[in-house]
Amino acid sequence: MKLKTKYLNNRRDAINSLLQKPKRLYTPATFHKLRIELKKLDAFFDLIKYGSKDFKHKKTFKPFKMIFKHAGKVRELQVEEAMLKKYFLDNLLTEYSDSLKKLRLQEQKDYFSIVNKKVVSELKKKYHEIIPFVAKMDKKKVKNYMKKKKYKIEKLLSQGNLETEQVHALRKRLKKFNYNTKSLNFGKKEKSLSNMDVLPELLGNWHDCQVVIKHLKKSINTIGINSKEVAQCETVKANITLDSQELFNKINATIHSSSLS
């Protein structure tokens, strides 16, 4: 119980530190770290829910989810800005780049409008409400939880070449499994998953491509940019789509090679 309480306190301290950081000190890395910490907390809540049926996972995570959602909107636009630099010269796509920056700045403004002292204070109270449920967890329940999560991952992996929706599901399940395995020191990873170290990075890069492609498709039809830049955006989208497909193939190849090992 002490280990799990310490873990919860570590998440609390990390999240509070990021939320209390002055606006001027926020960087893309800040939003990224915040999202990761909130994902770890959400995964831990999932574990607590398994150990205590009275724990209201969705209700407890709701105020954190609001922050997670707004930080996610900023983060996705930051990822797109960074990715686009790989595909066009600085003197190209100026109108689209400007519109992207304006949209990102507005999302940042929306984020900071909800992240204030009152919200941080309310979140601090939430942690105290969670402690009694953490106390109800025991090693047996934790072990059963991890066993079931592992089984769901292996069930997906056993299907061979995965489709897009299955890869999305695998990414979420593997991320949650890894957070609770590594961060809570539940022992070494199971042998069947030990050769999958490269997979999370592939899944993350593929997901970033998917997000950018989706936003480009939407923006090309809604943002008022000149026809030349529309054509350039279409070219960029096509190149990212090719890279996305290559990553998708690598993901399935990694799954296949792992199943043979």
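Please find, within region 199-230, the residue that is farthest from residue 76 (Cα to Cα) out of those that are of a type in the set (Ser, Thr, Tyr) and open to solvent by 20 Å² or more (accessible area, probe 1.4 Å). First the steps, then the outcome.
At the first step, the residues of region 199-230 found to be of a type in the set (Ser, Thr, Tyr) are 219, 222, 227.
Filter again for open to solvent by 20 Å² or more (accessible area, probe 1.4 Å), leaving 222, 227.
Values: 222: 18, 227: 25 Å.
Per the criteria, the residue is 227.
Restricting to region 125-138, what's the tally of residues that are in a helix (DSSP H, G or I), touching a residue at least 12 places away in the same chain (Cβ under 8 Å) and loosely packed, with under 13 Cβ neighbours inside 10 Å? Walk me through how you get there before you give the answer.
Of region 125-138, the ones in a helix (DSSP H, G or I) are 125-135.
With touching a residue at least 12 places away in the same chain (Cβ under 8 Å) added as a condition, the list becomes 126-127, 129-131, 133-135.
If we keep only those that are loosely packed, with under 13 Cβ neighbours inside 10 Å as well, we get 129.
Looking only at that region, the number is 1.
Please tell me if residue 249 is more than 22 Å from residue 83 (Cβ to Cβ) and either modelled with pLDDT of 90 or more or not hydrophobic (A, V, I, L, M, F, W, C) (or both). Let's see the steps before the verdict.
On the way: more than 22 Å from residue 83 (Cβ to Cβ): no; either modelled with pLDDT of 90 or more or not hydrophobic (A, V, I, L, M, F, W, C) (or both): yes.
No.
Pick from region 73-108 the residues that are among the acidic types (Asp, Glu) and assigned to a helix (DSSP H, G or I): which of them is surrounded by the fewest Cβ atoms within 10 Å (Cβ to Cβ)?
We begin by selecting, within region 73-108, every residue among the acidic types (Asp, Glu); these are 76, 80-81, 90, 95, 98, 107.
Going one step further and asking which of them are assigned to a helix (DSSP H, G or I), we end up with 76, 80-81, 95, 98, 107.
Values: 76: 18, 80: 22, 81: 15, 95: 16, 98: 12, 107: 20.
Checked region 73-108; the qualifying residue surrounded by the fewest Cβ atoms within 10 Å (Cβ to Cβ) is 98.
If I ask for residues that are exposed (fewer than 14 other Cβ atoms within 10 Å of the Cβ) and among the charged types (D, E, K, R), which ones from region 231-242 would you list?
If the condition is that a residue be exposed (fewer than 14 other Cβ atoms within 10 Å of the Cβ) and among the charged types (D, E, K, R), then 234 is the only one that fits.
Regarding region 146-168, can at least one residue be identified that is of a type in the set (Phe, Trp, Tyr), crowded, with 18+ Cβ neighbours inside 10 Å and in a helix (DSSP H, G or I)? Before you say what the answer is, go through the steps one by one.
As a first pass, look at region 146-168 and keep what is of a type in the set (Phe, Trp, Tyr): 151.
Then keep just the ones that are crowded, with 18+ Cβ neighbours inside 10 Å; that gives none.
Within region 146-168 (the criterion being of a type in the set (Phe, Trp, Tyr), crowded, with 18+ Cβ neighbours inside 10 Å and in a helix (DSSP H, G or I)), the answer is no, since none of the residues qualifies.
What's the total number of residues in region 6-37 that are open to solvent by less than 30 Å² (accessible area, probe 1.4 Å) and farther than 16 Å from residue 78 by Cβ?
Total meeting the criteria: 8.
Report the residue count in region 51-72 for those that are open to solvent by less than 60 Å² (accessible area, probe 1.4 Å) and part of a helix (DSSP H, G or I).
Step one: list which residues in region 51-72 are open to solvent by less than 60 Å² (accessible area, probe 1.4 Å), which gives 51-52, 55, 57, 60-61, 63-64, 67-68, 70-72.
Cutting the leftovers down to part of a helix (DSSP H, G or I) gives us 51, 57, 60-61, 63-64, 67-68, 70-72.
Of the residues in region 51-72, 11 are open to solvent by less than 60 Å² (accessible area, probe 1.4 Å) and part of a helix (DSSP H, G or I).
I'd like the full set of residues that are more than 18 Å from the chain's Cα centre (by Cα) and of a type in the set (Phe, Trp, Tyr), limited to region 7-63.
Scanning region 7-63 gives 7, 26, 50, 55.
Among all residue pairs at least 6 apart or on different chains, which show Cβ distances below 6 Å where the first residue, located in region 37-65, is under 17 Å from residue 173 (Cα atoms) and the second is aromatic (Phe, Trp, Tyr) and open to solvent by 30 Å² or more (accessible area, probe 1.4 Å)?
Correct list of pairs: 38/68; 40/179; 43/179; 48/133.
The values are calculated or read from the model by the stated rules, or taken from the named source; none is laboratory data. The structure presented is a predicted model; accordingly, all values stated were derived computationally and were not measured. Heads up, the Cβs are rebuilt from the backbone with ideal geometry, glycines too, and the neighbour counts pull from every protein chain shown. For the accessible areas, the whole protein counts, side chains as well, though only heavy atoms, and no ligand, DNA or RNA atoms are used. Shrake-Rupley method; radii C 1.70, N 1.55, O 1.52, S 1.80 Å.
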